[in-house]
Structure formats: C-alpha cells, structure tokens
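Taking it in order: structure first as structure tokens, then the write-up.
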Amino acid sequence: MRLKLLLAYDGTGFSGWQIQEKPQPPPTVQGTLEAALARLAGVPVRVFGSGRTDAGVHAHGQVAHCDVPERSGRGGRPGSAGRPGFDWRHGLNAVLPPSVRVLAAEAAPPNFDARRDAVSKTYVYQFWREGRFVPPVLAPFVWACGPLDEGRMRAALPAFVGERDFASLRNAGSETRGSVRHIFAATLDAQPPQEFYPPHAPLLRLTVTANGFLKQMVRNMAGILAACGRGKLAPEAVPALLAACERAAVPAPTAPPQGLALARVDYGAEAAPSAGQ
C-alpha cells in the first residue's frame, strides 16, 4: 500500500532531509522516518520526499510517499501495522522523536509520487530585525539579522517573480541540470508583535511560491533582500544580478538555514497561481 505523509519537523538537529551514504551517517529526517516505518512494518521501508531540505532547515508541510506492506513482516510489532485500518499517523508519532511529527497519513494511488506530482512548493523565510534581543522560542527559527529597511526589500521583490534562469541563486553541489524556474509569487509581510516581549521591530516573513527550487535558492534570495535592506545593495541592481546567471555575480552571502521552512507542497493543476498573483 502506498502512503502519503504530511510532515512537520524542526531541522535543527538534522543534517537535512536526505540520507547520507557514509560509514557513520549523520541524523537525517529521511533516515529517522524510515527507521520508524521499519519498526512498525517489520521490513525496510524507503521514503521519498517532495524535495530535499538542507541541514538546519525546517518544514511545516513536507510531503512524502512510501510503500508499506499490507501486513507487518517478521520482526515487526505483532498485530500493529498488519491490522486493517491501522492508524499510521498515530503509530509513527508514537515512535518518532518529538522533532518530527506526522500531521496526516493516508492511502494514495499506487502511482502517486511526492516529488514528480508536485505542482508548486511554498517556502517561508523569517528575518528577526530587533537587535536588542531574540526570544528563545523563536531563535531556532529566525535569522537574527538586525535592522532592515522593509521598503528597500519590497522594492527588490518584483525582480524575482516570473519564469527565468535563476542560476545566480543556485549554490554549488546541485544535481539538477536546468536552472529555469517559475516563481509564481513572492511577498514580504511584517508579522504581529510577539506577545509578552518589550516593543520591538516586527519580524519579517518572506513567502515564495514556485514550480521548483534550486539548491539554496530561497536562502540566496533572502541574502539579496537582506543586503538591500541594509543598504549594501540597490534594489534596482537585482535584475542585472539575476540576468548574469552566475552565483559569483551576486555579492550577498547565502542566508543561514534556520530562518527557512518548507511551508506547503501543492498537487493538481488548480494549485499553481498565475504569474503576478
């Protein structure tokens, strides 16, 4: 039976999503999830995600698929995964660490593919602009970058929207050949003040929806926006940086991973917004 899983995780303690083929592999989300599935199913289970998240990157809505046996195999928990109507969400959350949660688990068509069937993905990146303090509950999930000019950042956003070659935003190490992607929408929104804390600069959230992303593409986009917000890069210079199609042409460093999260993966033609929305 093919399962479709909706996952949320805190990526702080993981070396990304994908299992690393090493003698002593570091902890990954995929490896942790596969170990939990094998414990319930009694046989090895391979999990395929909608995409890879890097070390330290989080997810609110990662989607994955896997094939599980109709009945638990030898060594599996007796009478658990083999029982009709077994609750995979409850079972997995009972054995997974608290940093990984299965939000939903449902039977999927045999040909469902979490990566190939995805129409669009949405990432969010969070900038903490208050230089005096960072709330401990937010620290693992924001870039504590200090003051930024929101207006300058907004002025740079339109340059990213549309279909073009985004090679300037791709870091080395990517396995994908092409670098043309379509960013459907990119917005920057100030979040409400954090309750219980002194008056402070609002947290900024960058939300980007596209038909696909290159290696560390959103983090490089966030780095460019931060450079604009700090006055180190003119917003009107961004189109030329993208047109260069060379990562070396972009003076801004890659933003750190902890501010980034995979927010949503959409499936079906109706999920893709038109350009300019």
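The values are calculated or read from the model by the stated rules, or taken from the named source; none is laboratory data. Predicted model, so just to flag it, every value in this text is computed and none were measured. Neighbour counts run over all protein chains shown; Cβ positions are idealised from the backbone, glycine included.
Given (1) among the aliphatic types (A, V, I, L, M); (2) in contact with a Lys or Arg (Cβ under 6 Å, 6 or more places away or on another chain); (3) within 20 Å of residue 232 (Cα to Cα), identify the lone condition not met by residue 159.
(2)
Output yes when any residue across segment 226-236 is part of a loop (DSSP other than H, G, I, E, B), outside the structural domain of residue 62 (by TED's automatic domain parsing), of a type in the set (D, E, K, R) and under 26 Å from residue 175 (Cβ atoms), and no when none is.
There is no residue in segment 226-236 that is part of a loop (DSSP other than H, G, I, E, B), outside the structural domain of residue 62 (by TED's automatic domain parsing), of a type in the set (D, E, K, R) and under 26 Å from residue 175 (Cβ atoms).
To keep it simple, each residue is scored yes or no on (1) touching a Lys or Arg at 6+ places or on another chain (Cβ under 6 Å); (2) assigned by TED's automatic domain parsing to the domain that holds residue 195; (3) of a type in the set (Gly, Ala, Ser).
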{"residue": "100", "(1), (2), (3)": "no, no, no"}
{"residue": "114", "(1), (2), (3)": "no, no, yes"}
{"residue": "125", "(1), (2), (3)": "no, yes, no"}
{"residue": "128", "(1), (2), (3)": "no, yes, no"}
{"residue": "134", "(1), (2), (3)": "no, yes, no"}
{"residue": "140", "(1), (2), (3)": "no, yes, no"}
{"residue": "147", "(1), (2), (3)": "yes, yes, no"}
{"residue": "152", "(1), (2), (3)": "no, yes, no"}
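Which of the residues belonging to segment 98-122 are in contact with a Phe, Trp or Tyr (Cβ under 7 Å, 6 or more places away or on another chain) and within 30 Å of residue 146 (Cα to Cα)?
If the condition is that a residue be in contact with a Phe, Trp or Tyr (Cβ under 7 Å, 6 or more places away or on another chain) and within 30 Å of residue 146 (Cα to Cα), then 99, 100, 121 are the ones that fit.
Just to verify a result, which residue in segment 89-106, among those that are exposed (fewer than 13 other Cβ atoms within 10 Å of the Cβ) and assigned to a strand (DSSP E or B), is nearest to the chain's Cα centre (by Cα)?
Taking the candidates together, the pick is 104.
For segment 123-180, what are the residues that are out of contact with any Ser or Thr (no Cβ under 8 Å at 6 or more places or on another chain), surrounded by 19 or more Cβ atoms within 10 Å (Cβ to Cβ) and aliphatic (A, V, I, L, M)?
Those that are out of contact with any Ser or Thr (no Cβ under 8 Å at 6 or more places or on another chain), surrounded by 19 or more Cβ atoms within 10 Å (Cβ to Cβ) and aliphatic (A, V, I, L, M): 142, 148, 153, 156, 159, 161, 169.
Select from segment 209-225 the residues that are small (Gly, Ala, Ser) and in a helix (DSSP H, G or I) and write down the one among them that is nearest to residue 266 (Cα to Cα).
222
Restricting the search to segment 171-194, which residues are in contact with a strand residue (DSSP E or B) (Cβ under 8 Å, 6 or more places away or on another chain) and either not aromatic (Phe, Trp, Tyr) or not in a strand (DSSP E or B) (or both)? Even if it seems obvious, please write down each step before you answer.
Initial filter on segment 171-194 (in contact with a strand residue (DSSP E or B) (Cβ under 8 Å, 6 or more places away or on another chain)): 179-191.
Residues satisfying the conditions are 179, 180, 181, 182, 183, 185, 186, 187, 188, 189, 190, 191.
What number of residues within segment 15-59 satisfy the criterion of being among the charged types (D, E, K, R), under 20 Å from residue 142 (Cα atoms) and in contact (Cβ under 8 Å) with a residue 40 or more places away in the chain?
1
Looking at segment 130-170, which of its residues are part of a loop (DSSP other than H, G, I, E, B), more than 12 Å from residue 202 (Cα to Cα) and without any contact (Cβ under 8 Å) to a residue 12 or more places away in the chain?
136, 137
Does residue 188 satisfy being farther than 30 Å from residue 116 by Cβ and either modelled with pLDDT of 95 or more or surrounded by fewer than 16 Cβ atoms within 10 Å (Cβ to Cβ) (or both)?
yes
Against the conditions (1) buried (at least 16 other Cβ atoms within 10 Å of the Cβ); (2) in a loop (DSSP other than H, G, I, E, B), where does residue 197 fall short? Just the number, please.
(1)
Restricting to segment 171-197, count the residues that are in contact (Cβ under 8 Å) with a residue 60 or more places away in the chain and over 22 Å from residue 259 (Cα atoms).
Residues flagged as in contact (Cβ under 8 Å) with a residue 60 or more places away in the chain and over 22 Å from residue 259 (Cα atoms) within segment 171-197 amount to 2.
Kindly list, by first and then second residue, each pair from a residue in segment 224-240 that is touching a residue at least 40 places away in the same chain (Cβ under 8 Å) and surrounded by 21 or more Cβ atoms within 10 Å (Cβ to Cβ) to a residue that is acidic (Asp, Glu) and not in a helix (DSSP H, G or I), limited to pairs with Cβ atoms under 7 Å and residues at least 6 apart or on different chains.
229/149
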